[in-house]
1. Report those helices (runs of 4 or more DSSP H) wholly inside region 188-255 carrying at least 2 residues which are in contact with a Ser or Thr (Cβ under 6 Å, 6 or more places away or on another chain).
2. Determine, yes or no, whether Glu179 is loosely packed, with under 13 Cβ neighbours inside 10 Å, of a type in the set (Asp, Glu) and either part of a helix (DSSP H, G or I) or more than 20 Å from the chain's Cα centre (by Cα) (or both).
3. Can you list residue pairs whose Cβ atoms sit under 9 Å apart, with the first residue in region 67-86 being free of Cβ contacts under 8 Å to residues at least 12 places away in the same chain and the second being assigned to a loop (DSSP other than H, G, I, E, B) and not basic (Lys, Arg)? Count only pairs 6 or more apart in sequence or on different chains.
4. Could you please find all residues in region 53-82 being among the hydroxyl-bearing types (Ser, Thr, Tyr) and open to solvent by less than 50 Å² (accessible area, probe 1.4 Å)?
5. Can you name the residue in region 220-236 that is open to solvent by 60 Å² or more (accessible area, probe 1.4 Å) and of a type outside the set (S, T, N, Q) and is also farthest from Leu193 (Cα to Cα) among such residues?
6. From the list Glu85, Glu105, Glu25, exactly one residue is modelled with pLDDT under 85, of a type in the set (Asp, Glu) and either part of a loop (DSSP other than H, G, I, E, B) or open to solvent by 50 Å² or more (accessible area, probe 1.4 Å) (or both). Which is it?
7. Where residues in region 182-207 are of a type in the set (S, T, N, Q) and open to solvent by 40 Å² or more (accessible area, probe 1.4 Å), which of them is farthest from the chain's Cα centre (by Cα)?
8. Go through (1) touching a helix residue (DSSP H, G or I) at 6+ places or on another chain (Cβ under 7 Å); (2) under 22 Å from Glu37 (Cβ atoms) and name the single condition Leu197 misses.
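The values are calculated or read from the model by the stated rules, or taken from the named source; none is laboratory data. A quick note: this is a predicted structure, and the numbers were derived from the prediction, not measured. In this analysis, Cβ positions are derived from the backbone assuming ideal geometry, glycine residues included, and neighbour counts consider all displayed protein chains. Ligands, DNA and RNA are excluded from the accessible area calculation, which covers all protein heavy atoms including side chains. Shrake-Rupley method; radii C 1.70, N 1.55, O 1.52, S 1.80 Å.
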Amino acid sequence: MKKINLFLCFILFVSVQAAYAQTVELNGTITAEDDIESIHILNKTSLTNATSSKDGSFTIKAKLNDTIIFSAVQYTLLTKVVSQEDITSKTIAVTLKLQTNQLDEVFLKRSLSGNLEDDLLLLEAKPVINFYDVGIPGYQGKQKTSAERVLHEATTGGGLIPLNPLLNGISGRTKKLKEIVRLENDDALLVRLKNDLKEDFFKDNPLDQKHHTDFFYFVQEDPDFRSVCSKSNLDALAFFKKKLDQYNTNLVTKQ
């Protein structure tokens, strides 16, 4: 009886998946205030990607409710879920916003005396509440990302025979989710390295600024990116230099 129920659940799961499996090729356009060439476009659901041309156009395969991410160094990350209208028209259009770093406005309520000890007494900042100080147990570990939480839910479950892990494993969803988590972790590592190393690296290793974004995605796509670059900034710099030589060779070949 349990085997029959399991089989019926599997058939139902596959049927629901098939209803959303109509994949089409979307013709996309990107508009923005700055350069729109080499914008990185990632279909987070199917793990396919594309890069925009000089006029901001691109093509990418997708289906209803797929999540597509648009990213570039100079723009705010944009996430778009594919709608039925996008599927019907086979087009998708987005507008990117420039990345801005603004400081919060500062108000001085009291004039400062110039004496450090006296001025510190005037500060009204309060310490962050510690859960354990007030007798409430709180989680102090690393917070999971959205993708990590989805992966956790997909690979856990109760009951004599947990259906969640079984069905997700059979359908290949678990494998896709693991790849999404890996990509997110690689994106986070790349952002940190760019913030730490980009200015000094390109000062010693000149590259036309219009190629910077494309170069970093070229670096990230290397299978050894995480294992090498997560060790230290010195290892990352050496890896960047090696990849830049390869990247420049590719540029010459294309021209």
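1. 212-220
2. When the stated conditions are applied, Glu179 does not pass them.
3. Once the first residue is free of Cβ contacts under 8 Å to residues at least 12 places away in the same chain and sits in region 67-86, its partners that are assigned to a loop (DSSP other than H, G, I, E, B) and not basic (Lys, Arg) give Leu77/Gln99.
4. Ser53, Ser57, Thr67, Ser71, Tyr75
5. For region 220-236, the residue satisfying everything is Pro223.
6. Glu105
7. The selected residue is Asn195.
8. (2)
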